[in-house]
Structures are given as C-alpha cells and as structure tokens.
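Notes to accompany the following structure.
The values are calculated or read from the model by the stated rules, or taken from the named source; none is laboratory data. Because the structure is a prediction, the values reported are computed rather than measured. All Cβ positions, even for glycine, are placed from backbone atoms using ideal geometry, and neighbour counts span all protein chains on display.
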Amino acid sequence: MLTISTGSYNGSDFQMAAQAIHKSPKSVALPSPQSQAGLSGQGGPLYPQEWGSGLETPPLSKTSPTVQANAQQQQCLRQMPLSTNAEGWHSFMGKPSQQPLILDDVSRNRVLDLVVQAGPKTSEGSPVTRDHPLLTLDAMQEYVDLFFSRFNKSYPLIHRATFEPSRVDPLLLLSVMLLGATYGDKDAHRLAVCIHDITRTQVLQHAAFTATPDLFMLQIILLIECFGKSRAGQKQHDMSHLFHGMLIK
C-alpha cells in the first residue's frame, strides 16, 4: 500500500519522488512542508514557477491608468462626509453652504403680537405672555432651526433657501416655530401644544383664508395638520381633520 506524506513541493521534488516510487512502491515519504517553500503562501508563490501557471500577480508599476483612477476615486469617496444632505455635499465639494436663518426682534414681536392677541393659556391655566421664558429670542431661534433640521428635512414643505423670517406671514412663522419646538425639551413641547390650539382660529380669521388660498396659507394649514396628527395629543389629532378636505381639494 502506498503512503504519501503531503506537504509543500517544487518540481524537482516530484521528479525525485516519481523515480523513488518506481524503485520502491511500498512507502515513499515526500519532503516535509518545513523543508520546502513551493506551494506555501508565505514562503513563495501559490504555484511553483516551474509549472508555468501564469497566475503571477503583475507588479504595481504595471497597473493600468484606469485601475489607478478607480483607486483614487474610491479613496475620495471614503473621505467624503457621511452626511447625505445637500449641505454636507456642498461643503465637501467646496461650494458654500446655506446661510443660517436669523430671527430678529421685529419678527419675534410680530409673532408675539399674534400669540398674545389670541390669548392661549399654559397647561397650568396661566395666560401666555410676551416675557415667557420659553419665548425669548434665542429660544424662538432654536425652534426655527429645529424645524428645518428635524421636521423639514424629512417632510420638505418649506423652501428653506427663500424662507425669510422677517418677510413671511407671522402665522406661517408661528406654525414653523411650533413644530420646531416639539423637537426641543418637554416644557417647550408642552407650550407649543397650548399655543397650537389657537392657530385654527387665527386661520379662519385671516384675510388670505379663502376658497382658493395662496400657497403660504396652504402651507400654514398643512403644518397645523401635521402638528395635530403627529406631534400632539388625541384632542389635537381629532381637530386636525377640520382642514383636511381643503388640502385634498
């Protein structure tokens, strides 16, 4: 019976082994893997050069320009920011990102005039005043930023590039702020729900509320409905259906 100890061999080893088999067919011990480095992945190529396998890897200096260009492109993509929004892409490509939306005192006062006139009450039953700690200029600026970074990013209802707080209708700006406040802390979210309850009355009293409303009025109505359906309680959810037929039309 023929017994062969397997291992790593080169071409001359097999020639010597073949001659030995003809002379003594009982048992042949071929060279151990440690003594030769023919087929070893660490000690030499995958196949012995004597076999002429043709599988040798070409040197890096012979790499085609197309392969080099693809490698550079892959390296460029790996360095690209993980953010997939437009601002991240523009920043990576060297294009200027969008300017921040600045809320000034005039815009804030217009919104506060609307709120105070409507007379909403907090969850504790006290009226919402102009000096409420959650209605400061910095707080309202944060609500606008949260609206565009959280809500409008998923539901792009407002064109950010042309949205100017100082020029839009106060009710539209208030609707933007209220939705943004729901992404803030718990107290800001609770206050936004209280103020939201008076927005439908303001829509009905608005001069632009007609059978064929302008775009900004449709945006107000849509934002109010989105607030009631997904960012408030059962009462607001039920009331949000009041304007639903107009939006479908």
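Descriptive notes on the structure:
- Within the range 135-178, considering residues that are of a type in the set (Lys, Arg) and under 19 Å from residue 218 (Cβ atoms), the one surrounded by the fewest Cβ atoms within 10 Å (Cβ to Cβ): 167
- Qualifying residues in the range 84-125 (those that are out of contact with any helix residue (DSSP H, G or I) (no Cβ under 8 Å at 6 or more places or on another chain) and of a type in the set (S, T, N, Q)) - the one modelled with the highest pLDDT: 109
- Any hit, the range 152-167, residues being under 25 Å from the mean Cα position of the chain (by Cα), among the small types (Gly, Ala, Ser) and at pLDDT 95 or above: no
- Some residue of the range 183-203 being touching a residue at least 60 places away in the same chain (Cβ under 8 Å), surrounded by fewer than 20 Cβ atoms within 10 Å (Cβ to Cβ) and under 30 Å from the mean Cα position of the chain (by Cα): yes
- Condition met for residue 174 (closer than 24 Å to residue 104 by Cα, in the same structural domain as residue 120 (by TED's automatic domain parsing), over 25 Å from the mean Cα position of the chain (by Cα) and not acidic (Asp, Glu)): yes
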